[in-house]
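Please read the structure below before turning to the comments.
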Amino acid sequence: MMDFLNYAINGLLLGQVYALLALGFVVIYRASKVFNFAQGELMLLGAYTVWSLSLGANLPPWLAIPVAFVAALAYGWLIERLFFSRLVGESVFSMVMVTIGLVILIRGVVLVIWGAADRQFPALLPTMPVIVGEVILPTSMLIGAGITLALTLSLWYFFNRTRAGLALTAVAEDPCTAISLGIAVKRAVTLAWMLGACIATIGAVILLNGRSLNVLSADVALAALPVALLAGLESIGGLMLAGAIVGIIQSLVAAYIDPKLGGSASSIVPFVFMLFILVVRPTGLFGWRNIERV
């Protein structure tokens, strides 16, 4: 029973990191109706930036992390200015295809600048676990869950209770109407991409803490895709619940089913959820349903 509790709690914490990464998807979608397939690559850029500042430039963590966030803001601004500022009002398909192109472009840039060799990501968070009775909890994941909760509450308030957040939502729903109302559409979308890049960098610091870093590290963000879809692409508050569901089930499958199958069935759990949700409830658990009157 204690083993089950350990697996479940650790799965819950892992799910909250997935929810944190999924926040990046939702923030950009709420502002532009674009599902950003390059969110993992934004995390990769943030991770290599943190590595360069911490181990390459030997900056202390208290300085390296804020500078990395400033760099992430610059990445988000540059990507939006170069690729999406000219696509305002264009079809969603066109924007999605651009994000797929970004996946290839950013990975290529990372390979050119940092190479393909594995690197040790700096341990910026404590590596010693927290032990409560017989329950062993990774400290970095605990910190990540706390950050996820704080960001979720902050972004929920931002999008639902502030003029800037409501403006972002209006831009996504109808850019032409938003422009006619005097909303700076390009500025709103730029802000969303800058937020998405910062969230990706936070996820990199938590998830890669003391671990190996390479180009394939971006693939971990794929596990956050099903979490975003399960919660609903417009839902911020539902991400923590969706992350908990996916993380706990994935952890239990890894503990009890993988050894019997001799494989890695747990790695496909998030994508089983994704397919199930897309078939049964495409809007997710808490997503908005669009009702059209004719």
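Tabulated results
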quantity	calculated
Options Val26, Val67; residue that is of a type in the set (Val, Ile, Thr) and touching a residue at least 24 places away in the same chain (Cβ under 8 Å)	Val26
Some residue of the stretch 253-261 being assigned to a helix (DSSP H, G or I) and within 14 Å of the chain's Cα centre (by Cα)	no
Residues satisfying the stated conditions in the stretch 52-64, i.e. in contact with a helix residue (DSSP H, G or I) (Cβ under 6 Å, 6 or more places away or on another chain) and either at positive phi or free of Cβ contacts under 8 Å to residues at least 40 places away in the same chain (or both)	Leu53, Leu59
Selection count, the stretch 106-148, where residues are within 19 Å of the chain's Cα centre (by Cα) and farther than 23 Å from Pro66 by Cβ	1
Matching helices (runs of 4 or more DSSP H) fully within the stretch 165-243 where at least 2 residues are at pLDDT 85 or above	185-207, 224-231
Residue list for the stretch 67-97, restricted to those being loosely packed, with under 15 Cβ neighbours inside 10 Å, within 16 Å of Val109 (Cβ to Cβ) and within 20 Å of the chain's Cα centre (by Cα)	Ala74, Leu78
Criterion: under 22 Å from the mean Cα position of the chain (by Cα) and of a type in the set (Ser, Thr, Tyr) - qualifying residue of Tyr7, Tyr18	Tyr18
Test: residue in the stretch 9-28 that is farther than 18 Å from Ile147 by Cα, hydroxyl-bearing (Ser, Thr, Tyr) and out of contact with any Asp or Glu (no Cβ under 7 Å at 6 or more places or on another chain)	no
Filter result for Ala72 (in contact (Cβ under 8 Å) with a residue 60 or more places away in the chain, among the hydrophobic types (A, V, I, L, M, F, W, C) and out of contact with any Cys (no Cβ under 6 Å at 6 or more places or on another chain))	no
Tally, over the stretch 1-53, of residues that are aromatic (Phe, Trp, Tyr) and assigned to a loop (DSSP other than H, G, I, E, B)	2
Some residue of the stretch 103-123 being touching a Phe, Trp or Tyr at 6+ places or on another chain (Cβ under 7 Å) and within 16 Å of Gly196 (Cα to Cα)	yes
Within the stretch 269-294, tally of residues that are over 20 Å from Phe25 (Cα atoms) and either within 19 Å of the chain's Cα centre (by Cα) or modelled with pLDDT of 90 or more (or both)	0
Enumeration of residues in the stretch 92-141 that are outside any helix (DSSP H, G or I), over 29 Å from Leu63 (Cα atoms) and without any contact (Cβ under 8 Å) to a residue 24 or more places away in the chain	Ile131, Val132, Gly133
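The values are calculated or read from the model by the stated rules, or taken from the named source; none is laboratory data. Given the structure is predicted, the values throughout are model-derived calculations rather than measurements. Because the Cβ atoms are built from the backbone with ideal geometry, glycine has one as well, and the counts that use them run over all protein chains shown.
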